[in-house]
Each structure stands twice: as structure tokens, then as C-alpha cells.
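Enquirer: Sharing a structure with you now.
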6 protein chains.
Amino acid sequence: MAGMDMRTRRGLATLRQIHGRAGIEVLDTLARTAPELSRFVIAFAFGDIYARPQLSLRDRQLATVASVATLGHALPQLKSHINGALNLGITKTEIIELLMQMAVYAGFPAAINAIGVAADVFAERHAAKEPKRAARSPQQTTGRRRPRAQKHSALRGRGKSP
Amino acid sequence: MAGMDMRTRRGLATLRQIHGRAGIEVLDTLARTAPELSRFVIAFAFGDIYARPQLSLRDRQLATVASVATLGHALPQLKSHINGALNLGITKTEIIELLMQMAVYAGFPAAINAIGVAADVFAERHAAKEPKRAARSPQQTTGRRRPRAQKHSALRGRGKSP
Amino acid sequence: MAGMDMRTRRGLATLRQIHGRAGIEVLDTLARTAPELSRFVIAFAFGDIYARPQLSLRDRQLATVASVATLGHALPQLKSHINGALNLGITKTEIIELLMQMAVYAGFPAAINAIGVAADVFAERHAAKEPKRAARSPQQTTGRRRPRAQKHSALRGRGKSP
Amino acid sequence: MAGMDMRTRRGLATLRQIHGRAGIEVLDTLARTAPELSRFVIAFAFGDIYARPQLSLRDRQLATVASVATLGHALPQLKSHINGALNLGITKTEIIELLMQMAVYAGFPAAINAIGVAADVFAERHAAKEPKRAARSPQQTTGRRRPRAQKHSALRGRGKSP
Amino acid sequence: MAGMDMRTRRGLATLRQIHGRAGIEVLDTLARTAPELSRFVIAFAFGDIYARPQLSLRDRQLATVASVATLGHALPQLKSHINGALNLGITKTEIIELLMQMAVYAGFPAAINAIGVAADVFAERHAAKEPKRAARSPQQTTGRRRPRAQKHSALRGRGKSP
Amino acid sequence: MAGMDMRTRRGLATLRQIHGRAGIEVLDTLARTAPELSRFVIAFAFGDIYARPQLSLRDRQLATVASVATLGHALPQLKSHINGALNLGITKTEIIELLMQMAVYAGFPAAINAIGVAADVFAERHAAKEPKRAARSPQQTTGRRRPRAQKHSALRGRGKSP
């Protein structure tokens, strides 16, 4: 990283901490068409904003997932940021809970589509983690398969949660 | 439906009346990732709101199609709601007319994309209704095929309306 | 109206039917800065779209109120269109019901702000209709005054509506 | 609260915890025009969603401020939710930091307008807390007054952060 | 400007070129609540983006006016950017023409509200330029006053423009 | 074009000038479901608005690309309009520069997704122009292929611009 300015160095470190190798790949794709914008994402968004210590990375990532889900049209970015949230230790349950709450502010369609993206992210990470079991029994990794017993889950009672 | 609370029961009845089996399937998919949100759609959106007698279901569905088309980013929901509108007896002509009017408020891109969704819904319902004729002559059900004679329809005179 | 083309004549007639004198005034204000846009509203929005017989004016106005409430940022237009809806015989109850439903698609903030606009429209029309009684007893026309007995209405039971 | 159903009771308790008396007042105003919507805010938004223990109230409020700032058109609600965030112990610094980050996702205009709302909230709470000093020296509570020394703050060096 | 980094210096120069003293004042107000965001506007928006020679300032400003008008909720920023466009020599006619075109993409309400903002900007600049005549005859500077002869302009024929 | 009214004739001429044969094809597809809307695009958007001489076609197209990129949800229209911009002689560099600037107003996700659309348009036009070389050496036309040497472009120094 010799020769990089401090903002870029700080930005890259923060980007890696939240998004890992996937974040670098997304920006490399962008850089083929708009190299400057890719640098601005690193130096400005991650180097100037996310790296500031005034708000924890966890809080920042929650706010970002909420904002991007609210936009409604930014599903590729929502996918990245749900992955980033999981990388920072925010749980699947917390992510679903936050996206559900977005129904109140951004409407049910935005919340439902965001939860569809979360389901894809969860399934991909599950598939990536269990390649061996998947090889033996592919159904276990599909994520979207609905076991018979769950069939009428939508119609069931509310359970115990308040 | 024993054991369900009244809101859920009322919501399911309204959901079925507008969306039929397709509505239940959409919510079952949602329920695999976010079961509570699925229940809120039934109990709140359909049980608390749509079931109220102060506005007819037809008027509610027109308003919903207008709102979801205006959002612009909620095409899967628009598809469901155009199907719901047809289920309630709103005609294809009325739906196209309403979506066209959205160009005035939400802009032409939102209106044009909404009409693309309507075209898909109309074609799918046409294909579902005529499986036999489709088997014999598949071109008749494609919906998107443009007969030679219509080729320059966009360039023709305005006709009689209005 | 001699010398006007047919679209403008048809548009003005439809505009008057929905918005009355207030509609002309809004467009005259616009015309001082952008006369062409004012003419396009008349000839295109009202002459080409609203005047088409394929959808009733009532249905068109419901769709417009839904769309403009969903936009969230177009409160002056929402005010005009709520007035237009009342002019066409859509009741206050139906308007409130429709705006309430928008919470499901556009989120609660958009719905709540739209209902604030509706409250203003209802109060203004009430004040305009009862100038004499208002002169004698100004409190009756404020619209926003909360009689003691209603004070805790937000906290009460759900009443009879489903 | 006798006679209220459990959702309403739970919602009111959560509403009071986040928004205090101001939350009840906002809903009472709404209830004069749309009493059912006011009840849905309590029973659904606060009783069904916010009261769920799967996400902390602090995290929920951060997500809500981010979402409402992203909408751009919901400044009255943003004001309520910034107050709610402060009530829950989220600091002014954290709120400004979160709103600044929204520039990345919702654009600079939305972020700048949100920070204008935050400035108003901070000034109002400051004025409310120091009524005596305000009485003696009104300039101290204006919040918008710029001391000479800060005049060129926008043009200064970046300081130490981060 | 000694001690400022190059991005800030370049940003300030570009900001002054487009927005003059008014731009600095807007950022000074922002800086009282969010000094870092104010610096980011200068160093990132104006120093990194606007200062790049790959697109002329005139083209950049047209694009910005179009974008901010499309957002719909950012009227204070629209006002600044219409002023900026005029400062760069873009004419009133071109600005009105561009905003009118936005009706096609962002809908008529966004375009009409944007034109209302343009009318205010034009009137303010007119009043600022002619303080003496204004002192003698205040009606000439109101901008919103409608001379009798223009009264029915909205209803007139289309004139000669295509 | 005999028998067409003047607005339609003027609109078709302007449409062809900006969008060529592709514009007619898009409207023919729309015309199969909503023939009137297709005619309104021609007569109103292109005949009434774009054909007006008060703003150059180049300026209009820059404004349209900015507006449609800001909407975020209108990617098919953005594709058409980027093609239209190239047809009018606006360079790839200028288009990327404009879309990059949209990050400031519409947020980074909208800008990044718009640049993805631009990359697709550039690649398609490159493939269409060089069918022979493509036949011999397919890698040259993929557009998305990243030569090894560019791999870390996102991480490099800022170079000389601006």
C-alpha cells in the first residue's frame, strides 16, 4: 500500500473489515468503467466517513442496511451490505428484524423485497460454508426449499414473541 | 382456521378474495425467512386495513395499483396487485388506463415499466386459460408476438378515442 | 374558447369538472413562469388522459390521490387532488380510508403527512361553507380544535369497525 | 388502560419509552382526522414491531432515523425520531454522524436537510432545558446564532478526526 | 487559504465560481451543526467531482438541476442550484425548459414545484438588482403579481413555439 | 407520414434523431399493450417538449440521463437514454463523469448502478461495431473482461486528474 494517501489506506482497511474480499471485487468491477468513482468509494465513503470513530461500525452498518432497504431500488448494494452486517457479527435474526421494521417507514413492498435479498444472502453463505454436505445432499443447501411441515407456516398462530 | 385470532381470519378471507391461491403462496415464501412479517401482512394489511368496509375492495385495489406503480421499484408487488385487480373484475382496459395516467404523476419511465408488468400478467393469464390451444399452436399464447399488421401501430393516427 | 384546439378545449372542460375555479387559478400561477407547461397540463394531462372514457373520473381521481400521496414530496398537488376528489363526490371517509391504506405501500410517514393535508382541506372547506356561523362562534370552524371528550381517542378501544 | 387489548397496551408502553408525552400528542392530532391510523401506529408499529425483543430499542431507533432521513420527504417524522433517539440515550454526536453517513446512500441534499432538522431539535431541547438562563440572556438559546470565532469553520483544516 | 489541503482549495475555488458568497454561507450554516459534512461538500463534491475537467461546469450544473428537481424533496438545494446555473450563464429560459422536461421523467408535480422554486429565485434576483426602482414602486419587484393582461394566459393558444 | 398530425410528425423526427431505430422498436413494444401511451411519448414527450428550440438536444439529453439515473428504478430507460446521448455525440467520458456526479445528489448506489448500465451499453455498441474482429478474437468484445494488468486499478493512486 506504499504510495497510497492516508484516506485511501484508511478506507481500504475499513472496507476490508466490513466487506472482506467481496468488497474489493465489487469495486474492481466498478473501476473498469469508472475508476475514479471506485477510488471515491474507498477514500470518501470508507476513508472519510466509516473510519470516523464517532459511531461504531456496527451502528453504521445497521444504519446503512436501513437506508439502502428504504431506497428500494438498490438491491445489489443491499446484498453487499447484508453480507457486511453478517461479517461484523450482526445476527440473521437482527437483520430480519430491522428489515421487517422498514415496512413501517418505507412500506411493505420495500421490506418484503429486502427480505428476499436477505434470504438469498443467507442461502449463499450457507451453501459456501457446507460444500461437502451439499455435495452429498444438495437439497440441504437450497435455502428456498420448503419442507412439507412448514407449508402453512404463514397461517399459524403468532407463537410466543410479543 | 380454529385457534386463529379474528384479525388473521378476516385478513386471510380478504387476501383470498383478492389474490386467491397465489397470495397465500407469496406469503408462504416470505414466511420461510420472516414468518412474523408474513403474519403482519395478513393481520394488519388485509385484516385491519383492506377488510374495513369504508372503501370498496375495487377502489382499494385501484389505489394500490396506482401506489405500487408510483413507487417504481416494486415490480413483483405490482404484478401481484394487477392480478388482484383482474380477480376483482377490474378490466384490462381499466388497468392500462390507470397505469397510463401514472405517467402524469410518477413520470413516463415508471408508467412504461408498469405497463410492461401488466403485459406479462395478461400473457400469463392468457396462457394459463388456453393450455390446449397453446399446445397446438404455441404462438397464440406468447402475448409478446407482434403480428405483421400491427407493426407500425405506434406511428398511426390517434383513432377515435376520446 | 374560440380558436382553441380540441385537446385544450376538452382538457379545460375536464379540469373544470374536477377542480373548478381553483384548478384554473393554480395553472394561471404556473403560467406566469412556465406558460407552456401550464398548457401541457391542460392539453395533455386533462385533454389527452383524464378525458378518455376508458376509466371513470372517480376511479381516475382515486388513483391520482393514491399516486400523489405515495410520492410523499408533492403536498401542494395532494391538496388540489383531495379537493378534486371531494368535488367529484368521493366522501371524506373514503379519502381518509384510501390515505390510511397508503401506509402499507408508501410507509406510515407518507400516509400520516397525507392525512395532515386532508385535515387542512376539510377544515378550509368547512370554514368556507359556514362563514356566518363562524362569525358568531369562531371555534366551530377551526377544524383542528379538539373537544375535551375526544382527548384520549387515540388510546381507546377499536370500536365496531372490523 | 383497562379494556385495552394487549397489543395496544404493549404499543403504548413502547411509544412512551421512546417518544414520551410528545409521541402521544402527535398521535392525538392524527386521531382527530384518522383515529384508526393512530391506533394502528400504536398497536402495529409500536405493539407488534418495536416491542419485539429480537433487536434492541437503540438499534431500532438508529435504523428508523436512517430510514426516515433517506426518505427525504418526511421531515416532521424525522424530527420525532431524532427526539426519540436522544430520549434513548443516543448522543448528538452519534446522530450527526449517522445523518452524515446518509449522504453516501441517499445523497447530500437528504443528509443536509436531515442535519438541519437535527439542529432544530438540539436547539429546542437546549431552550427547554435552560428557561431561566434564556430569560436573562435570550441570545444563548437561539441555537442558530453563530459566535464570531466559529465564522470560518467550514473553511478550516480537517482537525484530528479520524 | 494557507494550510488547506489541495482538495479543499480546489473545492472552494469551484464552489465560489458556481455559487459565490451564497454557497459559502450555506456551508457555514451547515458547519455549525456538522462541520465535517461541510468540509466533505467542499473537498469531495466540489474538489473531487466538480473540479474534474472531463465535463464542463455548465453541463455539470444542468445535470445537477435535473437531478435535484427529480428528487422532489430537496427544494432548498434546488434553489441554490438554480442560482448556480444562472451564475454560470445558463439563461432563465433554458432553466425553465429543463425543468419542464422533468415532467416527463419525474412527473408533473415535481416539475411544477421546481418551477415554483425557479420563480422565487428569479424574483429574488430581480429584487436584488433593482432596489431603487423597487423603493419607488414596490409592485414591480414582487415577481408573483399578475398583470391584468396576462390573466388568461393559461387558456390561450399555443403561440408559435413548436 | 401522410395523415399524421404535426405534433406526431415532429415527435417522430426528434425521436429518430436521438434514438434511431431502437427508439421506434421500444415504442412498438409498448404500443402492443398501450398504444395510446406510445403515441403520447411521441407527440407529447418528443413532439411538444424535446422539439422546442429553447434548449439544445445535447443539453436536454444530459438532463434526461441525470434525471433517469436519479430515479434509480428506471434502468431500461437509462439504457435507452445513454444510447441516445452517445448518438448525439456526447462522449463516453462525459457520460461516466455525469453519472459519477449523481453520487452527490442521488447517492452512491444509484450512481454505481447507473455506471453498470453504461458499461453494458458501451460493451454492446463495441460488439456491434466490431463483429469481424469479434469473430476472430471473442475476448476483445466482452467489455467486462478484466486484463490482468488492470486488476488492482481500484487500489491505485489518483493519477493526474483533475
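The values are calculated or read from the model by the stated rules, or taken from the named source; none is laboratory data. If you're wondering where the values come from, they're calculated on a predicted model, not measured in any experiment. No Cβ is skipped: glycine too gets one built from the backbone with ideal geometry, and neighbour counts run over all protein chains shown.
Enquirer: Is it true that some residue in region F:37-53 is facing another protein chain (nearest Cβ under 7 Å), part of a helix (DSSP H, G or I) and in contact with a His (Cβ under 7 Å, 6 or more places away or on another chain)?
Expert: Checked region F:37-53: no residue is facing another protein chain (nearest Cβ under 7 Å), part of a helix (DSSP H, G or I) and in contact with a His (Cβ under 7 Å, 6 or more places away or on another chain).
Enquirer: Give the residues of region E:107-123 that are within 13 Å of C:Leu37 (Cβ to Cβ) and in a helix (DSSP H, G or I), sorted by residue number.
Expert: Answer for region E:107-123, where residues must be within 13 Å of C:Leu37 (Cβ to Cβ) and in a helix (DSSP H, G or I): E:Phe108, E:Pro109, E:Ala110, E:Ala111, E:Ile112, E:Asn113, E:Ala114, E:Ile115, E:Gly116, E:Ala118, E:Ala119.
Enquirer: Sticking with this structure for a sec: Filter region B:54-63 down to residues that are at the interface with chain C (Cβ under 7 Å from one of its Cβ atoms) and assigned to a helix (DSSP H, G or I), then give me how many there are. Explain how you work it out, then say what you get.
Expert: Our first condition is that a residue be at the interface with chain C (Cβ under 7 Å from one of its Cβ atoms); within region B:54-63, this holds for B:54-55, B:59-60, B:62-63.
With the extra rule that they be assigned to a helix (DSSP H, G or I), the set shrinks to B:59-60, B:62-63.
So the count comes out to 4.
Enquirer: If F:Gly159 satisfies every condition in (1) at pLDDT 95 or above; (2) small (Gly, Ala, Ser); (3) exposed (fewer than 11 other Cβ atoms within 10 Å of the Cβ) but one, which is the exception?
Expert: (1)
Enquirer: Need the failing condition index for B:Gln17 against (1) closer than 14 Å to B:Asn83 by Cβ; (2) of a type outside the set (Asp, Glu); (3) within 9 Å of chain A (Cβ to nearest Cβ), just the number.
Expert: (3)
Enquirer: Checking the structure you have, find out if any residue of region E:81-94 is in a helix (DSSP H, G or I), more than 17 Å from F:Val104 (Cα to Cα) and of a type in the set (Val, Ile, Thr).
Expert: Yes, region E:81-94 has at least one match.
Enquirer: Scanning for something within 11 Å of chain D (Cβ to nearest Cβ), more than 23 Å from F:Glu94 (Cβ to Cβ) and outside any helix (DSSP H, G or I), does region E:25-35 turn up at least one residue?
Expert: Residues of region E:25-35 within 11 Å of chain D (Cβ to nearest Cβ): E:25-35.
With the extra rule that they be more than 23 Å from F:Glu94 (Cβ to Cβ), the set shrinks to E:25-35.
Checking the rest, the ones that are also outside any helix (DSSP H, G or I) come to E:34.
Looking through region E:25-35, at least one residue is within 11 Å of chain D (Cβ to nearest Cβ), more than 23 Å from F:Glu94 (Cβ to Cβ) and outside any helix (DSSP H, G or I).
Enquirer: Would you check which residues across region E:1-41 are out of contact with any Asp or Glu (no Cβ under 9 Å at 6 or more places or on another chain), crowded, with 20+ Cβ neighbours inside 10 Å and of a type in the set (S, T, N, Q) and list them?
Expert: Correct list: E:Thr8, E:Thr14, E:Thr33.
Enquirer: Within region A:64-78, is even one residue free of Cβ contacts under 8 Å to residues at least 40 places away in the same chain, more than 9 Å from every other protein chain (Cβ to nearest Cβ) and surrounded by fewer than 23 Cβ atoms within 10 Å (Cβ to Cβ)?
Expert: Within region A:64-78 (the criterion being free of Cβ contacts under 8 Å to residues at least 40 places away in the same chain, more than 9 Å from every other protein chain (Cβ to nearest Cβ) and surrounded by fewer than 23 Cβ atoms within 10 Å (Cβ to Cβ)), the answer is no, since none of the residues qualifies.
Enquirer: If you go through region F:79-91, how many residues are more than 14 Å from chain B (Cβ to nearest Cβ) and touching a residue at least 24 places away in the same chain (Cβ under 8 Å)? Walk me through it before giving the result.
Expert: Within region F:79-91, the first condition is being more than 14 Å from chain B (Cβ to nearest Cβ), and the residues that meet it are F:83, F:85-91.
Among the residues that remain, those that are also touching a residue at least 24 places away in the same chain (Cβ under 8 Å) are: F:83, F:85-90.
Result for region F:79-91: 7.
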